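Below is one structure, written out as structure tokens; the observations come after it.
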Amino acid sequence: MSTERPRPSLGLVKNEALSYLRLGLLAPAAGRLPANETSTAKLGVLFVPGVGANGSQFLSLRRTLEPQVRWFDSFEYSSFTDLRRTAQRLKAHLGQTASRCERLVVVGHSLGGFLLQLALSAEDAPDHVAGFASICAPLHGTWRSRLAPHPGLRALRPDSELLADIGRRRHRLSRLEDRLLTIGARHDQFIEPHTSAFLDGAETLELSDVAHAGSLFDDRVHQAVARLVERAAR
């Protein structure tokens, strides 16, 4: 897997700009994605959005998964709250979903994927989580966080104490075996290096022609997550 990052093409830049426009158009339509089934489901999917976003950013992916999944939810949070505290809230929310679905697949984009890694690597992580897909998330941190306006986000530096702590706990994700998917974009403008989006031992998908926001609308991403959901269902 190459770590070189050549200059993005004009087509990729246009695609990324249009992706942000689509996200802006989606946002007023729906915030938190409600569950669409009242009884307990065998399989559910929970989405965790990125900085300043909400569950509406996953509407396109949700449509791809609807033939397989009957229960959806999303976790909303403030991007300017301490990351450890937010991960604790997320872990508690994951635990509450056990009464709604027997098995849960979690999908996080950007900071959402990082928060899921933090929650799932805890010693008491909910054991009904059967799959984890991370999309363009700084799983090993990102040097771009040094420019973040909030000190909580600057904790995403690869040399921070928080990242060192996660490194010591990350082995706990191995319980997911082949139900761990990490997706990254070569021209991701927020993840530096872009290989920070990948985990050793996980299935990986590297995108070279879309970037951070464009990954949410990419069919290859949707199909990779759909295959993960299928494996989790088994």
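Restricting attention to the range 40-54, the residues being among the polar types (S, T, N, Q) and more than 14 Å from the chain's Cα centre (by Cα) number 1.
Of the residues that sit in the range 38-54 and are in a loop (DSSP other than H, G, I, E, B), in contact (Cβ under 8 Å) with a residue 60 or more places away in the chain and not hydroxyl-bearing (Ser, Thr, Tyr), which one is surrounded by the most Cβ atoms within 10 Å (Cβ to Cβ)? Residue satisfying both the conditions and the ranking: PRO49. For the range 92-124, residues that are more than 27 Å from PRO193 (Cβ to Cβ) and over 16 Å from the mean Cα position of the chain (by Cα) total 12. For the range 189-200, check the following and say yes or no: at least one residue is among the charged types (D, E, K, R), buried (at least 17 other Cβ atoms within 10 Å of the Cβ), part of a loop (DSSP other than H, G, I, E, B) and modelled with pLDDT of 95 or more. Yes: one or more hits. Given the criterion within 24 Å of PHE198 (Cβ to Cβ) and among the basic types (Lys, Arg), identify the matching residue among ARG144, ARG62. None of the others qualify; the one that does is ARG144. Does ASP82 satisfy the condition of being surrounded by fewer than 18 Cβ atoms within 10 Å (Cβ to Cβ) and not β-branched (Val, Ile, Thr)? Here the answer is yes, as ASP82 does meet what is asked. The number of residues in the range 201-234 being small (Gly, Ala, Ser), touching a residue at least 40 places away in the same chain (Cβ under 8 Å), surrounded by fewer than 20 Cβ atoms within 10 Å (Cβ to Cβ) and within 16 Å of SER134 (Cβ to Cβ) comes to 2.
When restricted to residues that are closer than 13 Å to ARG172 by Cα, touching a Leu at 6+ places or on another chain (Cβ under 6 Å) and of a type outside the set (Gly, Ala, Ser), the range 104-119 contains 1. Looking at LEU173, is it touching a strand residue (DSSP E or B) at 6+ places or on another chain (Cβ under 7 Å), modelled with pLDDT of 95 or more and over 25 Å from LEU23 (Cβ atoms)? The answer is yes for LEU173. Pairing each residue of the range 153-168 that is in a helix (DSSP H, G or I) and modelled with pLDDT under 95 with any residue that is surrounded by 14 or more Cβ atoms within 10 Å (Cβ to Cβ) and not polar (S, T, N, Q), provided the two are 6+ apart or on different chains, yields C-beta distances under 6 Å for ARG154/ALA148. Can you confirm whether the range 133-143 contains a residue that is surrounded by fewer than 18 Cβ atoms within 10 Å (Cβ to Cβ), more than 12 Å from the chain's Cα centre (by Cα) and more than 25 Å from LYS42 (Cα to Cα)? Looking for residues that are surrounded by fewer than 18 Cβ atoms within 10 Å (Cβ to Cβ), more than 12 Å from the chain's Cα centre (by Cα) and more than 25 Å from LYS42 (Cα to Cα), one finds at least one in the range 133-143, hence yes.
Could you give every pair whose Cβ atoms fall below 6 Å, whose first residue belongs to the range 108-129 and is touching a residue at least 40 places away in the same chain (Cβ under 8 Å) and in a loop (DSSP other than H, G, I, E, B), and whose second residue is surrounded by 24 or more Cβ atoms within 10 Å (Cβ to Cβ) and not small (Gly, Ala, Ser), counting only separations of at least 6 or pairs across chains? Qualifying pairs under 6 Å: SER110/CYS136.
Residue count for the range 62-100, restricted to those that are touching a residue at least 60 places away in the same chain (Cβ under 8 Å), in contact with a strand residue (DSSP E or B) (Cβ under 7 Å, 6 or more places away or on another chain) and hydrophobic (A, V, I, L, M, F, W, C): 2.
Return the residue satisfying two criteria in turn: it lies in the range 96-118 and is crowded, with 17+ Cβ neighbours inside 10 Å and in contact with a His (Cβ under 9 Å, 6 or more places away or on another chain), and of such residues it is farthest from ALA41 (Cα to Cα). Looking at residues that are crowded, with 17+ Cβ neighbours inside 10 Å and in contact with a His (Cβ under 9 Å, 6 or more places away or on another chain), I get SER110. The residues of the range 55-91 that are part of a loop (DSSP other than H, G, I, E, B) and over 12 Å from the mean Cα position of the chain (by Cα), listed by number, are GLU66, PRO67, GLN68, VAL69, ARG70, GLU76, TYR77, SER78, SER79, PHE80, THR81, ASP82.
The values are calculated or read from the model by the stated rules, or taken from the named source; none is laboratory data. What you are looking at is a predicted structure, and each value in this text was computed from that prediction instead of being measured. Reconstructed Cβ throughout: ideal geometry from the backbone, glycine too, with neighbour counts over all protein chains shown.
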